[in-house]
Amino acid sequence: MKINELPTPCYVIDEKKLRKNLEILKKVKDDTGCKILLAQKAFSNFFEYPLIGQYLDGTTASGLFEAKLGYEKMGKENHVFAPAFKESEIGEITDICEHLVFNSFSQLEKYADFCKEKGVSIGIRVNPECSTQGEHAIYDPCAPGSRMGTTREQWDLALEKDPALAELLDGLHFHTLCEQNADDLAKTLEAVEEKFGSYLYKMKWLNFGGGHHITRADYDIGLLEKCILHMKEKYDLDIYLEPGEAIALNAGYLAATVMDVVDNDIHTLILDASAACHMPDVLEMPYRPPLCSSGMPEEKKYTYRLSSYTCLAGDIIGDYSFDEEKKVDDRLYFEDMAIYSMVKNNTFNGIPLPDIAVMDESGECKVIRRFSYDDFKGRLS
């Protein structure tokens, strides 16, 4: 089956592009000796975990469910970070993970014994208070007042009360980036060294977190490798990175069909795909998703607003132009739809979830998951 034969709406994972990304990441590993983990919050399609596991070292999770998925479906290193952990879940989490990263010293103090008893390596997330983001404030963990990570002031207050807390730590973790290049990582590392460098000599590992757009065409891999080797050699540390987007960047599509064309001063295509339901970051960030064979408004002959058949008036994907007039039953293919799509979609308004398909390296597609009314009903009571 070819992509134009798939039912819509349908997410399509492009395995050729996925493998290309993985090869880039593996070269970074080979060049530097670092370890790279899949951040499941961006891409959790476990059908591809056997392929990903051929190249990467494991998974990272943001809680119990992701941790179980990584443990069951990839079975390699399993790291977990959350802003807080539930007492009812910490036992199961520590049974299936190698690294557990706490957000605060109070959480560390509360759960350290669980980790030590089970041989889990303990870390704490630090906030170097170095914001490098301009456009995506919602994703800035270093914004003033951020709940993410321990600042140096908080660190000093905690150790003043109990200096022995530092002895519980095996490593430090930071996550400050979002879709950024290596120059922002270099700037962040300067702040990490300035605020926490004296403690790094006592650690076994340092986790650079995610947000590294390593597989983007203009990414400075040379500078990334320089940063990794600097921290590894200066402090004698194992270095971890946990990209999400970089693993499946530009490796997926969302196929949609035009259901109707309406004109109320604006030519609007009503699609069977939805920003609100199927690509929520379009509204949340917001951003304009790339679309095959399209241009900016008025760039090409025919301009349309793309919307959905939900009842949400603001369910607008964006304005696009095309060389040819669009009509009912025409198909559209949104690009870069493997990441932060399937992991964030929803059934608002009873809108069906898109099927999930994979495209192999020869261009053949197969549907690996179909959704139905039961999936909508099953989330309710």
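The values are calculated or read from the model by the stated rules, or taken from the named source; none is laboratory data. Because the structure is a prediction, the values reported are computed rather than measured. Neighbour counts run over all protein chains shown; Cβ positions are idealised from the backbone, glycine included.
Being surrounded by fewer than 17 Cβ atoms within 10 Å (Cβ to Cβ) and either over 15 Å from I214 (Cα atoms) or in contact with a helix residue (DSSP H, G or I) (Cβ under 8 Å, 6 or more places away or on another chain) (or both) is the filter here, so list the residues in the stretch 28-62 that pass it.
Of everything in the stretch 28-62, those that are surrounded by fewer than 17 Cβ atoms within 10 Å (Cβ to Cβ) and either over 15 Å from I214 (Cα atoms) or in contact with a helix residue (DSSP H, G or I) (Cβ under 8 Å, 6 or more places away or on another chain) (or both) turn out to be D31, G33, F46, F47, P50, L51, Q54, S62.
Can you say whether K234 is part of a helix (DSSP H, G or I) and among the basic types (K, R), as far as the supplied structure shows?
The answer is yes for K234.
Inside the stretch 200-219, can you point out the residues that are out of contact with any strand residue (DSSP E or B) (no Cβ under 7 Å at 6 or more places or on another chain), surrounded by 16 or more Cβ atoms within 10 Å (Cβ to Cβ) and of a type outside the set (A, V, I, L, M)? Talk me through it step by step, then tell me what you get.
Filtering the stretch 200-219 down to residues out of contact with any strand residue (DSSP E or B) (no Cβ under 7 Å at 6 or more places or on another chain) leaves 201-202, 214-219.
Among the residues that remain, those that are also surrounded by 16 or more Cβ atoms within 10 Å (Cβ to Cβ) are: 214-216, 219.
Within the stretch 200-219, T215, R216, Y219 qualify.
Out of the stretch 45-68, which residues are among the aliphatic types (A, V, I, L, M) and in contact (Cβ under 8 Å) with a residue 60 or more places away in the chain?
Hits for the stretch 45-68 are I52, L56.
Of all residues in the stretch 345-368, which are surrounded by fewer than 16 Cβ atoms within 10 Å (Cβ to Cβ) and closer than 30 Å to K16 by Cβ?
N346, D360, E361, S362, G363, E364, K366, V367, I368
If you go through the stretch 132-150 one residue at a time, do you hit one that is among the polar types (S, T, N, Q), surrounded by fewer than 18 Cβ atoms within 10 Å (Cβ to Cβ) and in contact with a helix residue (DSSP H, G or I) (Cβ under 9 Å, 6 or more places away or on another chain)?
No, that holds for no residue.
Scan the stretch 115-141 for residues that are within 24 Å of D156 (Cα to Cα) and of a type in the set (A, V, I, L, M, F, W, C) and report the count.
5
For D238, all conditions in the list (1) in contact with a helix residue (DSSP H, G or I) (Cβ under 9 Å, 6 or more places away or on another chain); (2) crowded, with 22+ Cβ neighbours inside 10 Å hold save one; what is the number of the exception?
Unmet for D238, out of (1) in contact with a helix residue (DSSP H, G or I) (Cβ under 9 Å, 6 or more places away or on another chain); (2) crowded, with 22+ Cβ neighbours inside 10 Å: (2).
Go over the candidates V328, V367 one by one and state the one that is aliphatic (A, V, I, L, M), over 24 Å from the mean Cα position of the chain (by Cα) and modelled with pLDDT of 95 or more.
V328
Within the stretch 303-338, which residues are of a type in the set (F, W, Y) and either free of Cβ contacts under 8 Å to residues at least 60 places away in the same chain or surrounded by fewer than 22 Cβ atoms within 10 Å (Cβ to Cβ) (or both)? Give the derivation first.
Initial filter on the stretch 303-338 (of a type in the set (F, W, Y)): 304, 309, 320, 322, 333-334.
The answer is Y304, Y309, Y320, F322, Y333.
Matching residues to (1) touching a Phe, Trp or Tyr at 6+ places or on another chain (Cβ under 8 Å); (2) aromatic (F, W, Y):
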| position | (1), (2) |
| --- | --- |
| Y201 | yes, yes |
| W205 | yes, yes |
| G210 | no, no |
| A217 | no, no |
| L224 | no, no |
| Y240 | yes, yes |
| E245 | yes, no |
| G252 | yes, no |
